[in-house]
Amino acid sequence: MIQDPNPKTFYLALPCYNEGERLAQFLPGLCTAIMKSNLSVQVQIIDDGSDFLNQGLYRQLMEMLDSTFPFLKQPLTLDRNLGKGSTVYAGWEAGKSADFLAFADADGAVGPDEVVRVLTQIRDDPEADNTLYAASRIENSHTEVHRRAIRNIGGLSFRWLRKRLFSFPIQDTQCGFKVVPTPFFQKQKEQLTEPGFAFDIELLYRAQKAGLSMREVPVTWTDKKGGHMNFLNSAGLFKDLMRLKSRLDKEI
């Protein structure tokens with residue numbers, strides 16, 4: 001095999017808030033899939049102020065894995081719970097030496113093989129340097145989506161509202177796996193200030209304004225028990241979306 005003299009490098013942040021048990025089910029398989037690939041990926045847990053028990057679980061997981069997987073960096077721990085957006089961006093700042101910055105939800109809803117498949121597609125894409133990639137919970141001949149009915153209803157309601165506030169060439173803005181070129185983040189990071197679950201919308205908005213292409217990549221996705229999105233958080237996401245729209249409109 002001819003080695004690529006200039007391989008694309010990736011940094012993958014795993015934002016975690018009390019995700020010790022679900023991360024333990026996801027991270028070993030993810031690291032194994034990456035090692036079996038010929039991708040250049042650094043992986044890092046970004047701890048969003050998890051409790052003492054979960055921080056201990058992260059340490060145990062690292063003790064088990066770090067000697068086998070040299071691309072697995074030591075966790076970055078935030079002093080307090082800041083929100084998913086702030087956590088992802090803290091990781092991206094730490095990984096800014098890579099060509100591309102990614103995040104994947106620590107629950108493993110997008111599984112290890114799917115993460116590797118998407119990163120491989122990006123590596124081989126000649127237009128990758130000017131493209132934001134958004135994994136999407138869209139079923140086709142190659143993907144399956146398994147989601148609880150109650151979550152599906154909430155997702156459809158959010159999508160209905162989002163489409164009336166923001167126009168993106170992306171159907172599923174909230175799937176927890178996205179990849180951007182590092183230069184885009186470095187130029188836009190001062191403007192990326194949304195701290196919580198609505199940060200995906202601001203990220204897409206800034207990418208669109210910056211002239212990036214947007215590519216939606218259908219993935220197999222499986223709803224995992226124990227997530228942080230409940231009725232109260234979903235209601236908060238709707239509120240955050242309205243607030244974000246108001247703030248961004250004031251910039252125009």
A student applying the Cα gyration tensor rule (rounded when a/c is under 1.5; otherwise prolate if a/b is larger than b/c, oblate if not) would label the range 89-202 oblate
By the C-alpha gyration tensor axes a ≥ b ≥ c (rounded if a/c is under 1.5, else prolate when a/b exceeds b/c, else oblate), the shape of the range 1-106 is oblate
At R0 = 35 Å the Cβ-Cβ FRET efficiency linking L165 and D113, nearest 0.05, sits at 0.55
Candidates T68, T120, T131; GNM for the chain (alpha-carbon contacts under 10 Å) flags as most fluctuating T68
Contour minus Cα-Cα span, D125 to K239, at 0.36 nm per residue, comes to 37.4 nm
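May I ask you to compute the full-extension gain from F52 to D79, defined as 0.36 nm times their residue separation minus their alpha-carbon distance, rounded to one decimal in nm?
Numbers: separation 27, 0.36 × 27 = 9.72 nm, distance 1.22 nm.
Full-extension gain reported as 8.5 nm.
Please give the contour-minus-distance gain from S141 to K187: 0.36 nm per residue of separation, less the Cα-Cα distance, rounded to one decimal in nm.
Numbers: separation 46, 0.36 × 46 = 16.56 nm, distance 3.75 nm.
Gain on stretching S141 to K187: 12.8 nm.
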Treating only Lys and Arg (+1) and Asp and Glu (-1) as charged, each at its beta carbon, one finds that the chain has a dipole about its Cα centre, in Debye to the nearest 20, of 800
Note: probe point = Cα of R59 + 7 Å toward Cβ; backbone nitrogen < 14 Å; residues of the range 77-95 passing the test are 77
Averaged per residue, the 1.4 Å probe accessible area of the chain, protein heavy atoms only, in Å², is roughly 50
The distance between the Cα centres of the range 84-138 and the range 1-71, in whole Å, is 13
Expressed in nanometres to one decimal, the distance between label points 7 Å along Cα→Cβ at K209 and S157 is 2.9
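Hey, got a sec? Which trypsin sites (Lys or Arg not before Pro) in the range 61-161 land in a DSSP loop and have at most 12 other Cβ atoms within 10 Å?
On the way: sites: K73, R80, K84, K96, R117, R123, R137, R147, R148, R151, R159; in loops: R80, K96, R137, R147, R148.
For trypsin sites (Lys or Arg not before Pro) across the range 61-161 that sit outside H, G, I, E and B with at most 12 neighbouring Cβ atoms in 10 Å, the list reads R80, R148.
The values are calculated or read from the model by the stated rules, or taken from the named source; none is laboratory data. What you are looking at is a predicted structure, and each value in this text was computed from that prediction instead of being measured. For neighbour counting, all protein chains shown are included, and Cβ atoms are generated from backbone atoms with ideal geometry for every residue, glycine included. Keep in mind that these areas ignore ligands, DNA and RNA; they rest on the heavy atoms of the full protein, side chains included. Shrake-Rupley method; radii C 1.70, N 1.55, O 1.52, S 1.80 Å.
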